[in-house]
Amino acid sequence: MNIVDLLQHTSEWLKGSGPNSDIVISSRIRFARNIDKAPFPHWASKKQSKQIAESIEDAAAKIEYLKKATVFKLVDLDAVDKQFLVERHLMSYEHAQKTDSKSVIIDDDEIISIMVNEEDHLRIQVMQSGFNLFEGYNIINKIDDCFAKEIAYAFSPEWGYLTACPTNTGTGMRGSVMLHLPALVMTRQINQVLAAIAKLSFATRGLYGEGTQATGNFFQISNQVSLGHSESEIIDNINGLIRQIIEQENQARELLLNQNRAMLEDKINRSFGILKSAHIITSQETTELMSLVRLGCDLGIVKEINRRAINELFIITQPAHLQKIENKKLSSAERDLKRAEIIRSRLNK
């Protein structure tokens, strides 16, 4: 598999299926692991980093779940390729920096991706469409067990898995759920919800995780601390919180339909109309308008397009995706033209 091959199919997290997929875009489980007696990536020498990467890549080649996976060495990728993988949520923005002795291992279904020498030696993540943390955990737990047979992990009986950042120490697990909450934003309840989330020691981030702001009514919610909690406790806590938010979003959608249906339908249909006719459109405007069209699709107001097709448009209209589609670098103005062309073509079929 090469980078371009990824354009030919839909990422697992964008399929628009799974439980509560009208509100929950995706569920992700991530494990942070380090090799015993080896310095953390930020402290390792170039020689040590190279040896660590080789050890992990050799171990991955022996794992059945990763038999069809591809190792992408970051030093071999250009800036567009790396941004492309970030846009698909297969690696973090931080991982794309300083590429020496770094790699990302991706299975052909884009369910599993493994960052090598990011903040920790191993960042294993599993993505699922919809509200499906338990299924993601079952998969990642098996992969983690396989790695543990090949690699001695840095582990303390007192503290658990040792990690570069203390907040990951313990289980080394972070569960995160990507939510689409347009009704809570439109009814101006979102700030109250986010404040309550913060008080419960959960983190709220944007579409691309740490360091990004929420745009297009998308919010990524995850646990902040893993020390002192088992994996099942962390998942139960996240699930309990997400169920409450889903209920609040559903209530807000009902409120809009019952009290402001004409306004809601107008906003959604105007957004759909702009997307179907625009000849120049920015990434930010696309995300905002697509968010409203997705809401319209979920509420039965927009019937010409389904959720999966909307999700696919979200990703293929991102800057690096546009450049991979065109197979050349595009200026910002050229991307705005190409983005509008693709959207018109998809929506007017």
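What follows draws every value from the coordinates through simple rules; no lab data is involved. In this text the structure is predicted, and so the values were computed from the model without any measurement. For neighbour counting, all protein chains shown are included, and Cβ atoms are generated from backbone atoms with ideal geometry for every residue, glycine included.
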Tell me the angle of helix 332-347 to the major Cα principal axis of the chain, expressed in degrees between 0 and 90 and rounded to the nearest ten.
70
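Would you mind classifying segment 58-131 by shape? Square roots of the alpha carbon gyration tensor eigenvalues, ordered a ≥ b ≥ c; an a/c under 1.5 is rounded, otherwise it is prolate if a/b is larger than b/c and oblate if not.
Numbers: a/c = 1.63, a/b = 1.20, b/c = 1.36.
Here segment 58-131 falls in the oblate category.
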Residue of Met173, Met127, Met186 that the Gaussian network model of the chain assigns the largest fluctuation, springs spanning Cα pairs under 10 Å
Met186
What's the angle, to the nearest 10 degrees (0 to 90), between helix 190-199's Cα axis and the longest principal axis of the chain?
20
Expressed as an acute angle from 0 to 90° and rounded to the nearest 10, what is the orientation of the C-alpha long axis of helix 307-316 relative to the principal long axis of the chain?
60
Of Phe84, Phe155, Phe31, which has the largest mean-square fluctuation in a 10 Å C-alpha GNM of the chain?
Phe155
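Could you tell me the calculated FRET efficiency between Glu288 and Glu233, based on Cβ-Cβ distance and R0 = 45 angstrom, to the nearest 0.05? Let's see the in-between values first.
Working: r = 37 Å, r/R0 = 0.82.
Between Glu288 and Glu233 the formula returns 0.75.
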Give the span of segment 195-349's Cα atoms along each principal axis, as three whole-Å numbers ordered largest to smallest.
52, 43, 23
Across segment 107-121, in residue order, what do the Karplus-derived ³J(HN,Hα) couplings come to in whole Hz, using 6.51 cos²θ - 1.76 cosθ + 1.60 with θ = phi - 60° and x for Gly and Pro?
7, 5, 8, 6, 8, 10, 9, 10, 8, 9, 6, 7, 6, 10, 4
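If the chain between Lys68 and Ser156 were fully stretched, how many nm would it gain, using 0.36 nm times the residue separation less the Cα-Cα distance? Working shown, then result.
Numbers: separation 88, 0.36 × 88 = 31.68 nm, distance 3.30 nm.
Full-extension gain reported as 28.4 nm.
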With no solvent and one equal point scatterer per Cα, compute the Debye intensity ratio I(q)/I(0) for segment 260-347 at 0.24 Å⁻¹ and report its log10, rounded to two decimals.
-1.15
Rounded to the nearest Å, what's the spacing between the alpha carbon centres of segment 316-336 and segment 1-74? Just the number, please.
25
For Cys146, Cys297, Cys165, which order do you get if you count the other beta carbons within 10 Å of each Cβ and list the fewest first?
Cys165, Cys146, Cys297
Scalar couplings 3J(HN,Hα) for segment 262-277 by Karplus 6.51 cos²θ - 1.76 cosθ + 1.60 (θ = phi - 60°), nearest whole Hz, x for Gly and Pro, are 4, 4, 4, 4, 5, 4, 5, 5, 5, 4, 4, x, 4, 4, 6, 10
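In the structure shown, do any of Lys98/Lys324; Lys37/Lys62; Lys15/Lys46; Lys328/Lys349; Lys50/Lys82; Lys46/Lys82 have a Cα-Cα gap over 31 Å, and if so which? Walk me through the numbers before you get to the answer.
Details: Lys98/Lys324 22 Å; Lys37/Lys62 22 Å; Lys15/Lys46 39 Å; Lys328/Lys349 26 Å; Lys50/Lys82 20 Å; Lys46/Lys82 21 Å.
Violating the 31 Å Cα-Cα cut-off are Lys15/Lys46.
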Distance between the C-alpha centers of segment 85-99 and segment 151-213? Whole Å please.
18
Karplus-derived 3J(HN,Hα), 6.51/-1.76/1.60, for each residue of segment 243-248, Hz, glycine and proline x
4, 5, 5, 4, 4, 5
